[in-house]
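The values are calculated or read from the model by the stated rules, or taken from the named source; none is laboratory data. Keep in mind the model is a prediction, meaning the values are calculated, not measured. Virtual Cβ from ideal backbone geometry, glycine too; neighbours counted across all protein chains shown.
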Amino acid sequence: MNGQAPFYKTKRLDQMSEAEWESLCDGCGQCCTLSLIDDDDPGGEVVRTCIGCELLDLQTVRCTDYANRHARVPSCVKLTPGNVGALSWMPQTCAYRLIAEGKPLFDWHPLVSGRADSVVDAGVSVKGTLVSERDVDEADYEDYVLE
């Protein structure tokens, strides 16, 4: 190592290059699961399901059309330095959220561990836990809500 602190310790989200920004994603896939708003909750609580977005490859936990995801899936939220702090549904382990909150990355994050599969080893990835949105009727989404 060259003795310099890693960019994610020295830069704010709005100071990062596109490559640095993209590298913050640990590939867990949690934000690519469908969430529902609980209509019975006055606060409109957001509940997560075990249904993966139609574009999510369930084997690799990667988007199959990342460049066009917002056009193909209008509900896909584009993360920006300006909105990350307001997205309360983002996982507590999400690097974007952690950096926005001034917190350190977890040891299992690939930027810290140096291993892309460390997120799977840590049990943070949704790999192997989801069904595809393509295989579930919308009327049945509530049956897939996680406790």
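Miscellaneous remarks
- Within region 41-59, restricting attention to residues that are β-branched (V, I, T) and touching an Asp or Glu at 6+ places or on another chain (Cβ under 8 Å), the residue that is farthest from V131 (Cα to Cα) is V46.
- Filter result for A139 (farther than 16 Å from G52 by Cα and surrounded by fewer than 18 Cβ atoms within 10 Å (Cβ to Cβ)): no
- Test: S132 is surrounded by 12 or more Cβ atoms within 10 Å (Cβ to Cβ), polar (S, T, N, Q) and touching a helix residue (DSSP H, G or I) at 6+ places or on another chain (Cβ under 8 Å): no
- Which listed residue, of L36, L55, is modelled with pLDDT of 95 or more, surrounded by 13 or more Cβ atoms within 10 Å (Cβ to Cβ), touching a Phe, Trp or Tyr at 6+ places or on another chain (Cβ under 9 Å) and of a type outside the set (F, W, Y): L55
- Once region 99-131 is narrowed to residues that are in a helix (DSSP H, G or I) and under 18 Å from C32 (Cα atoms), the residue that is nearest to the chain's Cα centre (by Cα) is V119.
- Reported count of residues in region 84-104, each being in contact (Cβ under 8 Å) with a residue 12 or more places away in the chain and among the polar types (S, T, N, Q), is 2.
To keep it simple, each residue is scored yes or no on (1) in a helix (DSSP H, G or I); (2) among the β-branched types (V, I, T); (3) in contact with a Gly (Cβ under 9 Å, 6 or more places away or on another chain).
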{"residue": "W21", "(1), (2), (3)": "yes, no, no"}
{"residue": "G27", "(1), (2), (3)": "no, no, no"}
{"residue": "S35", "(1), (2), (3)": "no, no, no"}
{"residue": "D39", "(1), (2), (3)": "no, no, no"}
{"residue": "I51", "(1), (2), (3)": "no, yes, no"}
{"residue": "P74", "(1), (2), (3)": "no, no, no"}
{"residue": "P91", "(1), (2), (3)": "no, no, no"}
{"residue": "R97", "(1), (2), (3)": "yes, no, yes"}
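- Boolean, Y8 is out of contact with any strand residue (DSSP E or B) (no Cβ under 9 Å at 6 or more places or on another chain), over 30 Å from E138 (Cα atoms), aromatic (F, W, Y) and not in a loop (DSSP other than H, G, I, E, B): yes
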